[in-house]
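The values are calculated or read from the model by the stated rules, or taken from the named source; none is laboratory data. Everything numeric here is computed off the predicted structure, so don't read it as measured data. Note that each Cβ is placed from the backbone with ideal geometry, even for glycine, and that neighbours are counted across all protein chains shown.
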Amino acid sequence: MLVSRECALQGLKELVGEAQVLTSKEALRGGSLGLNRGYERAFDLQTLPDPLAVVEAHSTEEVAKVLKYCNEIMINVIARTGGSSGEGLLEVRDPDTIVLDCAPMNKILKIDKYNMMATCQCGVPLQVLEDEVEKDGLTTGHSPQSLPVAFMGGLVATRSIGQFSTYYGGIEDLLCGLEAVLPDGRIIRIRNVPRRASGPDLRHLFLGSEGGLAVITEVTVKLFTYYPQDMWMGGYIMKSMGEGFEAVHDIMTKGYRPSVVRLYDKSDFDYNFGSVEIGENEAYMFFTCEGPKEVAAANGAGIDAIAKAHGGRYVGTEGVAHWLVHRNDVNKAIKDGTALKRYRETEVYYATTEISASWEDIKQIYEDVIANVPKKIPNLVMLGGHISHSYQTGTNIYFVYHIKIDAPENYYKEHCAIVDAICEEVLKYPTGGCVHHHGMGKQRVHFAPIEHGSSFTLLRDLKHMMDPNGIMNNGVLIPKYDH
Ligand SMILES: Cc1cc2nc3c(=O)[nH]c(=O)nc-3n(C[C@H](O)[C@H](O)[C@H](O)COP(=O)(O)OP(=O)(O)OC[C@H]3O[C@@H](n4cnc5c(N)ncnc54)[C@H](O)[C@@H]3O)c2cc1C
């Protein structure tokens, strides 16, 4: 930073007013922790520095003024909207950092029912937008588990994906256009054209940019006609995960379009599904289909036939209905402190790591992770996984694990050890991708050169071109800090 901390604070106050520059202990602590530092909150540990300030932005113009100033004095800026991300995306590693809180930019600007688009500021919670469009019989189609706590800017910046993605797509399929502010304060807009062929698609500079290139201030997303009353659903017990993989492969490659496709192994299943029971090596697979009644029913009939042809035992809709009702309960536990209380009582830390691979590689990756990771992580008390987002060419796996932590101050190191162990298994395979939708953050970024291979040089050049002074969320996209 080119000026003293006092001088920087004073400059920020002059730009946006004193009331929008927060320096209370509570604001700074909140500013330095992402959600995957929950264990730290539970045990009241402080292993990361506080930022200089949390600066609230109420308009695009304020974002532009703050970025321009921070670029001139060279202070690190971490943009934040919902604050729901993990993977160290929001972690402050350098005290000469401000958190730019864009949550106050929370206006829905336009719901265009004829052209099927909604435009809103970056701080609009997705749940608020979804509730608003549902009043008109529409849906955003975007439904991550963090629906109640994630906001539009962060959803684009992390390249997020929703639970019904197999029908509606990820945010990259839903984003029409946006407004953003570059580090030097320039405001740019990508217009909402249905499709264009004029060079590379510039939306992709912002999708998954993790706050490392620009601040997204406004987004326009697609809308869909919503037919919840016509949803088809069905659950099946499969003889093994292997049979489940084959069934999902056939469903996806034969052209069916379910909205939810999930396949759980026994370990993961036991934590999720009330009254349904499965045997030791069995797996549970379920689907929902959406769209107009005839479309949902036709997809459902095709899926049912394929699931049964793979030995699937139809077990009705009870498990699916249970999942639909309880699928986002975890947010409540995070918000009301239950999750922190459970950490304190059990000293067991739980988290997930999401990866993807082609159909050919995914089965072996699943088996390798389940067989090899416990050998490296002695304090692992549970490891399982499920498929939740499938494609014509492959699928993802969410690995879910619990680790017993001996000394709370070591938990982050222990969490990183298991994330590393999983990613190392995945990256042995030609189509293995070590991050499916949470972002690399500062936690997995050391894998970026392997993940991107020979194209990593482009990412480095892009960062340098868009953020030449290196002020945007240092340590994401390109490794900077020690792991
Ligand atoms: C219980 C739970 C369940 C989850 N389930 C899912 C899921 O199903 N699917 C999924 O994809 N993710 C999921 N997540 C992860 C998280 O919710 C997503 O990454 C979400 O997109 C983050 O949005 P946010 O508004 O909270 O962003 P934040 O946490 O505020 O920020 C995330 C990143 O985006 C950057 N950023 C934020 N706002 C801006 C902006 N305006 N301009 C530029 N950069 C910005 C930040 O610097 C940071 O790097 C889950 C998280 C939790 C806690």
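Some notes on this structure:
- Selection status of GLU87, in contact with a helix residue (DSSP H, G or I) (Cβ under 7 Å, 6 or more places away or on another chain), at pLDDT 95 or above and within 13 Å of the ligand (Cβ to nearest atom): no
- Check on VAL215, outside the structural domain of TRP323 (by TED's automatic domain parsing) and either buried (at least 23 other Cβ atoms within 10 Å of the Cβ) or under 22 Å from the mean Cα position of the chain (by Cα) (or both): yes
- Residues located in segment 218-273, provided they are under 22 Å from ALA321 (Cα atoms), among the acidic types (Asp, Glu) and touching a strand residue (DSSP E or B) at 6+ places or on another chain (Cβ under 6 Å): ASP265, ASP268
- Here the helices (runs of 4 or more DSSP H) wholly within segment 48-165 that include at least 1 residues being farther than 30 Å from PRO292 by Cβ are 60-73, 152-157.
- Among the conditions (1) surrounded by 22 or more Cβ atoms within 10 Å (Cβ to Cβ); (2) part of a strand (DSSP E or B), SER209 misses just one, which is (2).
- Set side by side, the residues ALA307, ALA247, ALA296 differ, and just one is among the hydrophobic types (A, V, I, L, M, F, W, C) and touching an Asp or Glu at 6+ places or on another chain (Cβ under 6 Å), which is ALA296.
- Long-range neighbours under 6 Å by Cβ, at least six apart or interchain, first residue over 19 Å from ARG195 (Cα atoms) within segment 216-227, second part of a loop (DSSP other than H, G, I, E, B) and small (Gly, Ala, Ser): TYR226/GLY137
- Restricting the first member to segment 80-97 and to residues that are assigned by TED's automatic domain parsing to the domain that holds GLY154, and the second to residues that are within 11 Å of the ligand (Cβ to nearest atom) and basic (Lys, Arg), no beta-carbon pair is closer than 6 Å while six or more apart or on different chains.
- Restricting ASP112, ASP50, ASP94, ASP101 to residues that are over 30 Å from CYS7 (Cβ atoms) and either within 12 Å of the ligand (Cβ to nearest atom) or of a type outside the set (A, V, I, L, M) (or both) narrows the list to ASP112.
- When segment 424-450 is filtered for residues that are closer than 21 Å to TYR412 by Cα and out of contact with any strand residue (DSSP E or B) (no Cβ under 8 Å at 6 or more places or on another chain), the ones remaining, listed by number, are GLU424, GLU425, GLY439, MET440, GLY441, LYS442, GLN443, ARG444, VAL445, HIS446, PHE447, ALA448.
- Any hit, segment 221-236, residues being at pLDDT 95 or above, buried (at least 21 other Cβ atoms within 10 Å of the Cβ) and within 11 Å of the ligand (Cβ to nearest atom): no
- Highlighted here are the helices (runs of 4 or more DSSP H) found entirely within segment 285-346 that include at least 2 residues which are over 24 Å from the mean Cα position of the chain (by Cα) and on the phi < 0 side of the Ramachandran plot: 293-309, 318-326, 338-346.
- Residues located in segment 131-173, provided they are of a type in the set (A, V, I, L, M) and more than 12 Å from the ligand (Cβ to nearest atom): VAL133, LEU138
- Elements of type helices (runs of 4 or more DSSP H) contained in segment 357-460, each with 2 or more residues being within 16 Å of the ligand (Cβ to nearest atom) and crowded, with 19+ Cβ neighbours inside 10 Å: 411-426
- Number of positions in segment 85-108 that are touching a Pro at 6+ places or on another chain (Cβ under 9 Å) and not aliphatic (A, V, I, L, M): 6
- Filter result for the condition that a residue is near the ligand (Cβ under 9 Å from one of its atoms) and crowded, with 20+ Cβ neighbours inside 10 Å, over VAL55, VAL63: VAL63
- First in segment 365-391 and in the same structural domain as HIS415 (by TED's automatic domain parsing), second anywhere and in a strand (DSSP E or B) and loosely packed, with under 15 Cβ neighbours inside 10 Å, Cβ under 7 Å, 6 or more apart: ASN379/LYS404; VAL381/LYS404
- Among the numbered conditions (1) within 15 Å of the ligand (Cβ to nearest atom); (2) surrounded by 20 or more Cβ atoms within 10 Å (Cβ to Cβ); (3) touching a residue at least 60 places away in the same chain (Cβ under 8 Å), the only one that ALA180 does not meet is (3).
- Whichever residue in segment 50-69 is out of contact with any Gly (no Cβ under 9 Å at 6 or more places or on another chain) and of a type in the set (A, V, I, L, M, F, W, C) and, among such residues, is nearest to ARG186 (Cα to Cα): VAL55
- Condition check for VAL128: near the ligand (Cβ under 10 Å from one of its atoms) and over 17 Å from MET116 (Cβ atoms): no
- Test result for GLY137, within 13 Å of the chain's Cα centre (by Cα) and of a type outside the set (Asp, Glu): no
- Against the test of being β-branched (Val, Ile, Thr) and either closer than 17 Å to THR395 by Cα or away from the ligand (no atom under 16 Å from the Cβ) (or both), the options ILE216, ILE251 yield a single qualifying residue, ILE251.
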